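Worksheet: the structure to be examined is printed underneath.
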Amino acid sequence: MSATIVTPAPARRETLGAADRARPFLRRDTFYAEADDGVQFASSGPAFHLSGRGSFPVFERIAPFLDGQVSRAELRAALGPAHWPVVERILGHLAERGFLRWIAQEDVDTVGEDDRATYAEQIAFLAQYTDTPHASFATFRDEPLSLVGQCPLGDALAQNLAANGHRDLTVVDTSGAGPLSDDARHAAHLLILPTAEAYAWFARHRGQLDPARCLLVLPVGDRLWVLPHAWRADTRSAPDWKDAVIALEAAGVAPALETLFAAAEEGLTPLQGRAASVQVQRMLGALLSYEIFKGLTGALAPETEAGAISLDATTGETVAHRILPSTQRSRVMSAPASSPTEPTTSLTPDDSRPDDYGRWERLVGSLTMPVTGFADEHLVQLPLKVAVATTGEGSAVRAPSLWTLADARSEAIARVYETLVASLEPSGPLLPFTSFDGERAEIDAARIFRRSRANAAGRYERSAAAIGVALTEGDATLRAVWKAATEHLLLQHVSEPAGAVVAAAPEGTVSTFLADVAGTGDLGYIALGSLAVAGTALEIHVVIATLAADDRLLWHVAAGDSAAAAAAAAATEVIALVQYDDARATTPSMEIWPGIDPRALVAAGAAGAARAAGAAETTTRARVFAASLRAPVLTAADLHAAAAVVLG
């Protein structure tokens with residue numbers, strides 16, 4: 001097939017519908033070539049092959065017109081009715097696969113013809129990511145920016161912004177010692193550059209400035225950091241520069257900011273060494289201008305929306321660092337809890353959730369995140385999978401799995417964040433909770449947030465209450481309820497020992513496997529009974545697993561939807577301690593309850609008799625109160641948290 005393409009004539013717009021007036025934008029990074037009996041297309045995304053003899057010469061002729069300069073109707077008129085069906089099919093395939101967008105004429109009209117011609121590259125770039133590239137460009141062009149400080153970094157930033165079409169950059173006067181101007185106070189985007197004058201000005205006025213409106217460039221050794229900034233008005237749960245400074249100082253990466261401010265007030269420049277070179281500053285200026293372009297257009301997510309970026313002045317390497325809002329930034333709120341997810345423990349590989357690890361892994365980051373990495377690469381991953389998460393505080397949080405290392409690491413991350421939530425500051429001394437059968441209660445916040453200032457007196461070192469963190473509200477509620485039930489029954493048996501020694505599980509079960517891999521240790525189980533949760537179908541079984549190893553009695557208490565599931569979960573924890581290759585390692589239960597000998601929880605006179613597996617258990621019916629927890633750190637992490645407490 002061949003077609004003669006003529007320059008399209010303008011169509012009468014008043015007679016055309018929206019679809020005919022739309023303009024095609026082909027991705028600027030599209031590569032195409034003749035292949036076999038069609039065309040091979042490729043870009044930064046997936047490639048595809050379009051079959052059809054004669055497709056390549058047709059596309060080769062129409063490609064120059066897919067730059068947004070003509071409408072669908074104009075292109076159709078130029079091709080004629082004989083050739084248009086073939087072209088329409090090609091364009092349809094390209095649009096379905098993300099190679100081409102149809103941009104509405106209404107969007108095109110938001111930018112004048114002169115600007116469309118001058119900034120065609122910028123608009124075409126935006127058209128790769130949004131259906132409104134012209135409106136996005138207009139927002140970038142007209143959004144006011146305020147610059148504090150003058151240096152080569154600022155010069156490069158201004159030049160790059162102007163070259164890409166920005167027209168409203170104001171330099172804030174920092175020469176006077178007077179009060180903060182209204183313009184600076186209400187500036188939507190206040191860019192603080194690393195100069196002595198800028199830092200001294202910022203030190204004087206920062207208390208009057210909204211942290212979300214300030215973008216701070218911070219020098220740290222041979223690295224220049226661009227700290228988080230709220231590019232949109234609806235980002236209350238996003239981190240700001242204060243959160244970044246807290247994270248960097250906690251990691252020992254950055255010096256105390258007050259030291260930099262004090263030096264700036266004495267006229268000493270914050271920039272030192274290679275970071276002060278003009279070349280490095282100009283490099284960061286280009287990088288920052290692109291961040292601003294992404295942030296103001298909204299077409300792409302800027303790195304500084306969810307964290308910070310750092311530029312190595314020696315190597316030129318740029319690294320993105322995710323940052324979460326500080327746990328002390330705002331009070332945690334409670335809301336009605338979701339129904340707990342229905343337990344589906346099958347004691348088979350079906351319990352594994354390796355596909356969830358991608359979401360958990362995003363919560364790991366060296367330097368600035370609560371989980372900084374993993375220290376389990378050297379561990380033998382047989383017979384169990386064992387994970388060791390390292391935290392910003394320098395501690396190690398361990399978790400095992402019967403199935404995959406991804407499951408173990410996901411659990412370790414969840415445990416770190418459950419500890420983090422326990423340190424959040426509650427909105428008041430009492431929080432509203434609701435039981436699953438509809439009763440309301442005011443719960444002492446110190447029972448839930450045991451690591452917060454609310455429990456500064458240490459009244460609730462232990463409590464029949466717990467926090468659960470998960471990827472869904474239902475899973476978070478279930479974790480919290482299971483852990484609270486475990487605490488409740490354990491406390492009951494500490495006061496009145498009534499546990500029962502449980503015999504080994506039948507052949508062919510996970511429990512049998514665990515008994516085999518326990519080695520020479522004497523793996524045993526103590527059943528603490530079960531808890532029926534009023535208002536739900538949940539019956540939570542609680543079992544302690546014990547293991548004698550290296551002159552130590554290892555133990556852990558766990559919950560499950562059956563006694564077998566609870567026993568397997570508990571045994572997995574104690575057997576894994578041997579794999580950690582650390583004589584100091586303890587299970588979570590041993591850490592929380594260091595003074596307990598679980599053998600003392602067995603009912604008097606029953607210590608020598610092992611109850612048959614599956615024998616009737618003592619079931620306690622109890623009312624469990626629960627609430628969902630809301631805090632910026634959870635929203636930013638895309639996590640859900642819930643708290644539960646057993647009141648009887």
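Read the figures in this text as sums done on the coordinates, not as results from a lab. Keep in mind that this is a model prediction, so the values were computed, not measured. Cβ: placed from backbone, ideal geometry, glycine included. Neighbour counts: every protein chain shown.
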**Q.** Farthest toward positive dipole pole in segment 143-322 [+1 Lys/Arg, -1 Asp/Glu at C-beta], among Met283, Gly267, Ala299
**A.** Ala299
**Q.** Computed label-point distance, nm, for sites Ser44 and Ala250 using a 7 Å Cα→Cβ extension
**A.** 3.2
Q: Only residues of segment 437-467 count here: report those whose backbone N is under 17 Å from the spot 7 Å along Cα→Cβ of Arg331, or say none.
A: 442-450, 452-456
Q: Rounding to the nearest 20 debye, state how big the charge dipole of segment 13-111 is about its Cα centre with +1 on each Lys and Arg Cβ and -1 on each Asp and Glu Cβ.
A: 40
Q.
Which residue, Asn160, Leu216, Leu145, has the largest displacement toward the positive end of the dipole of segment 143-322 when charges sit on each Cβ (Lys, Arg +1; Asp, Glu -1)?
A. Asn160
Q. Taking the Cα centre of each part, how many Å lie between segment 451-483 and segment 226-272?
A. 32
Q) For Tyr290 and Ser427, FRET efficiency with R0 = 60 Å and r from the beta-carbon atoms, rounded to 0.05? A) 0.95
Q: Kindly rank 225-231, 621-627 from highest to lowest mean number of other beta carbons found within 10 Å of each residue.
A: 225-231, 621-627
Q.
For P(r) over Cα pairs in 10 Å bins from 0, in percent, one of (1) 3, 13, 20, 22, 19, 13, 6, 2, 1, 0, 0; (2) 3, 15, 24, 24, 17, 10, 5, 2, 1, 0, 0; (3) 3, 13, 18, 18, 16, 15, 11, 5, 1, 0 was computed from the structure I shared and the rest are decoys. Which label?
A. (3)
Q.
Treating only the Cβ of Lys, Arg, Asp and Glu as charged (+1, +1, -1, -1), what charge dipole size does the chain show about its Cα centre? Round to the nearest 20 debye.
A. 660
Q) Do any trypsin sites (Lys or Arg not before Pro) in segment 350-400 lie in a loop, going by DSSP, with at most 15 other beta-carbon atoms within 10 Å of their beta carbon, and if so which? A) Arg362
**Q.** Local net charge near Gly648, Cβ-Cβ under 12 Å (Lys/Arg +1, Asp/Glu -1)
**A.** +1
Q. Which of Gly45, Leu66, Phe31 sits farthest toward the positive end of the charge dipole of segment 28-76, with +1 on the Cβ of Lys and Arg and -1 on the Cβ of Asp and Glu?
A. Leu66
Q) What number, in percent, do you get for the relative contact order of the chain if the mean sequence gap of Cα pairs under 8 Å and at least 6 apart is divided by its residue count? A) 10
**Q.** Other-chain or far-sequence residues with amide H under 5 Å of Ile323's (modelled H)
**A.** Gly307, Ala308
Q: Give the calculated FRET efficiency between Arg621 and Arg61 to the nearest 0.05, with a Förster radius of 60 Å applied to their Cβ-Cβ distance.
A: 0.15
Q: Please sort 348-354, 526-532, 17-23 by packing, taking for each peptide the average over its residues of neighbouring beta carbons within 10 angstrom, highest first.
A: 526-532, 17-23, 348-354
Q.
Just to verify a number: FRET efficiency for Leu471 and Ala203, C-beta to C-beta distance, R0 = 51 Å, to 0.05?
A. 0.80
Q | Loop-resident sites, segment 423-502, for trypsin sites (Lys or Arg not before Pro), counting at most 12 other Cβ within 10 Å (DSSP) | A | Arg459
Q: Treating only the Cβ atoms of Lys and Arg (+1) and Asp and Glu (-1) as charged, compute the dipole magnitude of segment 143-322 about its Cα centre; round to the nearest 20 debye.
A: 200
Q: Sort the following peptides by mean Cβ neighbour count (other Cβ atoms within 10 Å, averaged over residues), highest first: 167-180, 58-71, 76-89.
A: 58-71, 76-89, 167-180
Q. Looking at the square roots a ≥ b ≥ c of the eigenvalues of the Cα gyration tensor of segment 143-322, which shape do they give, rounded for a/c under 1.5, prolate if a/b is larger than b/c, or oblate?
A. rounded
Q) Over the Cα atoms of segment 103-148, what Rg and Dmax result, in angstrom? A) 11.1, 39
Q) Can you give me the relative contact order of segment 13-111 as a percent, contacts being Cα pairs under 8 Å and 6 or more apart? A) 37
Q | Contact order normalised by residue count of segment 143-322, Cα under 8 Å, 6+ apart, percent | A | 25
Q. Once fully extended, how much extra length lies between Leu553 and Gln272, figured as 0.36 nm per residue of separation less the alpha-carbon to alpha-carbon distance?
A. 95.6 nm
